[in-house]
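Data first, discussion second: the structure below is written as structure tokens.
The values are calculated or read from the model by the stated rules, or taken from the named source; none is laboratory data. Small disclaimer: the values here were computed from a predicted structure and weren't measured. Cβ: placed from backbone, ideal geometry, glycine included. Neighbour counts: every protein chain shown. Surface areas here come from the heavy atoms of the whole protein model, side chains and all, with no ligands, DNA or RNA. Shrake-Rupley method; radii C 1.70, N 1.55, O 1.52, S 1.80 Å.
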Amino acid sequence: MTAAPGKPALWGGRIISGLVGAMLLMSAAMKFSGNPELLAGLAKIGLPVEKLTLIAALEIVSVVLYLLPHTAVLGAILLSGYLGGAIIAHLRIDEPGLVVVFIGVFAWLGLFLRDPRLRQLLPLRSLG
């Protein structure tokens, strides 16, 4: 059995994960809204408007799985795939997509801080 994370790490991970989840849920809500600016952005990257509901639903399912402790690792893996697709879409039209990269990094950081099993798998060691 693994030791529970310390309270600061656990709460830091929960806060980071909550912020990531809130940003992605807001993104999904915007997709459901049919905002004209969003539709123009989709056209720019070549995504058909007909796929918008499916994309938003996949985003919501991934976020919910990520935020639930028992399915958080699966959710993080699904979010990584989702965000990887978003990065490729940005790169395809010569946009950097760094915000999406940072969301992915923070998603894994939040999970790393709240799940001691990940800290055992990926131990960070001191350089000194």
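Remarks
- Within the stretch 1-32, considering residues that are surrounded by fewer than 11 Cβ atoms within 10 Å (Cβ to Cβ) and more than 20 Å from LEU83 (Cβ to Cβ), the one farthest from the chain's Cα centre (by Cα): MET1
- Only one of ALA72, ALA86, ALA40 that is of a type in the set (Gly, Ala, Ser), more than 26 Å from TRP11 (Cα to Cα) and buried (at least 16 other Cβ atoms within 10 Å of the Cβ): ALA86
- In the stretch 89-121, the residues that are more than 22 Å from SER27 (Cβ to Cβ), among the hydrophobic types (A, V, I, L, M, F, W, C) and open to solvent by less than 100 Å² (accessible area, probe 1.4 Å): PHE112, LEU113, LEU118
- Test: residue in the stretch 17-29 that is over 23 Å from TRP108 (Cβ atoms) and not acidic (Asp, Glu): yes
- The stretch 43-69, subset among the charged types (D, E, K, R) and more than 18 Å from GLY97 (Cβ to Cβ), residue surrounded by the most Cβ atoms within 10 Å (Cβ to Cβ): LYS51
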